[in-house]
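Below is one structure, written out as structure tokens, with a few remarks after it.
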Amino acid sequence: MSENNTAHDDLFMEPGVSAPAEEAAPSADSLTDTTTPESVAAEETAGPASEEAPEAAAETGEPAEEPAPASSKKGKKKDGIVTEEEVRAKLKGLEGRWYVLHTYSGYEKRVKQDLEVRLVSMNMEDYIFQIEVPMEEVFEVRRGQRKLVSRVRMPGYVLIRMNLTDDSWRVVQSTNGVTGFVGNGRTPVALTFDEVVTMLTPVVEAAAADEARAAGLPTGATPETIAPFEVGDPVTLTAEPWAGMPATVSEIDAENQRLTVMMTLVGQETPVELSFAQVRKED
């Protein structure tokens with residue numbers, strides 16, 4: 001019997017009368033053995049059930065159950081990593097619908113800035129709520145060195161959350177750099193919730209990473225390394241003894257900055273493993 005239940009029963013005891021000792025649950029042995037005065041005395045001197053539990057666990061070799069640590073409580077993670085459930089929780093219930101805008105490539109950030117200014121100057125705060133350009137951090141290999149860079153995840157596209165009306169459509173459509181909404185002609189097609197989660201997960205992850213970085217915590221997954229080559233690219237070997245010979249990229253190991261090329265040797269296609277620095281990409 002737990003301490004809470006014992007305290008509850010004490011409310012109904014007469015003053016000055018102590019609660020009777022709790023009886024142990026009958027076991028298989030107690031059903032067959034005759035109770036002796038020694039067993040009764042043992043029961044009266046036995047401690048509370050909460051104190052017996054560790055002893056029983058020690059006898060059986062099973063670890064005693066411990067309370068869950070505070071860090072296991074549900075809530076936002078503190079290590080910069082977010083789950084799909086957390087992304088869905090953040091995006092659920094937001095006013096408006098999400099649409100995709102076509103923009104000139106390289107104008108994504110400028111379109112976002114211009115729209116944020118125009119929605120205020122054109123009194124569209126009640127119709128246009130949020131503009132996002134999903135970004136990602138990657139390692140790019142330049143001149144044999146890896147450099148961490150931030151780049152647009154979907155070049156040529158901007159996401160916007162809004163209530164679509166003739167006026168709000170006109171304000172967005174006439175913004176410099178916007179070529180139109182994704183949809184059928186002049187009828188924009190809103191994203192489904194699953195599509196919104198997929199496209200905006202990088203935005204939520206970036207925000208979580210910034211918070212973790214500010215708190216001095218890990219920022220989540222390591223950025224991907226992007227190679228300057230693609231499978232099928234024609235290259236020219238620059239290292240001896242094959243300097244000047246043409247080849248075709250067949251495999252890429254971006255993390256280790258190595259690749260495998262197919263080149264013709266003695267009339268046969270032969271795979272050769274080289275470093276990025278030992279080949280030159282053809283223009």
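The values are calculated or read from the model by the stated rules, or taken from the named source; none is laboratory data. Keep in mind it's a predicted model, so treat the numbers as computed, not measured. Backbone-built Cβ (ideal geometry, glycine too); neighbour counts: all protein chains shown. Protein only, heavy atoms only, side chains kept; ligands, DNA and RNA dropped before computing areas. Shrake-Rupley method; radii C 1.70, N 1.55, O 1.52, S 1.80 Å.
Let me confirm something: among K90, K147, K109, which residue is open to solvent by 80 Å² or more (accessible area, probe 1.4 Å) and free of Cβ contacts under 8 Å to residues at least 24 places away in the same chain?
Working: K90 fails: free of Cβ contacts under 8 Å to residues at least 24 places away in the same chain; K109 fails: free of Cβ contacts under 8 Å to residues at least 24 places away in the same chain.
Among K90, K147, K109, only K147 is open to solvent by 80 Å² or more (accessible area, probe 1.4 Å) and free of Cβ contacts under 8 Å to residues at least 24 places away in the same chain.
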**OP:** Might you let me know whether segment 165-179 holds any residue that is more than 19 Å from K109 (Cβ to Cβ) and touching a residue at least 60 places away in the same chain (Cβ under 8 Å)?
**Re:** no
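Being open to solvent by 60 Å² or more (accessible area, probe 1.4 Å) and over 37 Å from the mean Cα position of the chain (by Cα) is the filter; apply it to segment 227-244 and report the residue that is farthest from E137 (Cα to Cα).
Step one: filter segment 227-244 for residues open to solvent by 60 Å² or more (accessible area, probe 1.4 Å), giving 230-231, 234, 238, 240-242.
Those still in the list that are over 37 Å from the mean Cα position of the chain (by Cα) too: 238, 240-242.
Numbers: T238: 31, E240: 35, P241: 37, W242: 36 Å.
Only one residue tops the list, namely P241.
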Subject >> Close pairs (6 angstrom Cβ cut-off, 6 or more residues apart or separate chains): at pLDDT 90 or above in segment 259-283, among the acidic types (D, E) anywhere >> reply: T260/E251; T260/E273; M262/E269
**OP:** Quick one: which residue in A247, A221, A215, A209 is open to solvent by less than 50 Å² (accessible area, probe 1.4 Å) and modelled with pLDDT under 85?
**Re:** A209
**OP:** Evaluate segment 119-134: report whether one residue or more is more than 23 Å from the chain's Cα centre (by Cα), closer than 25 Å to P202 by Cβ and crowded, with 18+ Cβ neighbours inside 10 Å.
**Re:** yes
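Kindly check whether there is at least one residue in segment 183-191 that is under 23 Å from E86 (Cα atoms) and surrounded by 12 or more Cβ atoms within 10 Å (Cβ to Cβ).
Narrowing segment 183-191 to residues under 23 Å from E86 (Cα atoms): 190-191.
Next, from what is left, pick out any that are surrounded by 12 or more Cβ atoms within 10 Å (Cβ to Cβ): 190-191.
Scanning segment 183-191, I find at least one residue that is under 23 Å from E86 (Cα atoms) and surrounded by 12 or more Cβ atoms within 10 Å (Cβ to Cβ), so the answer is yes.
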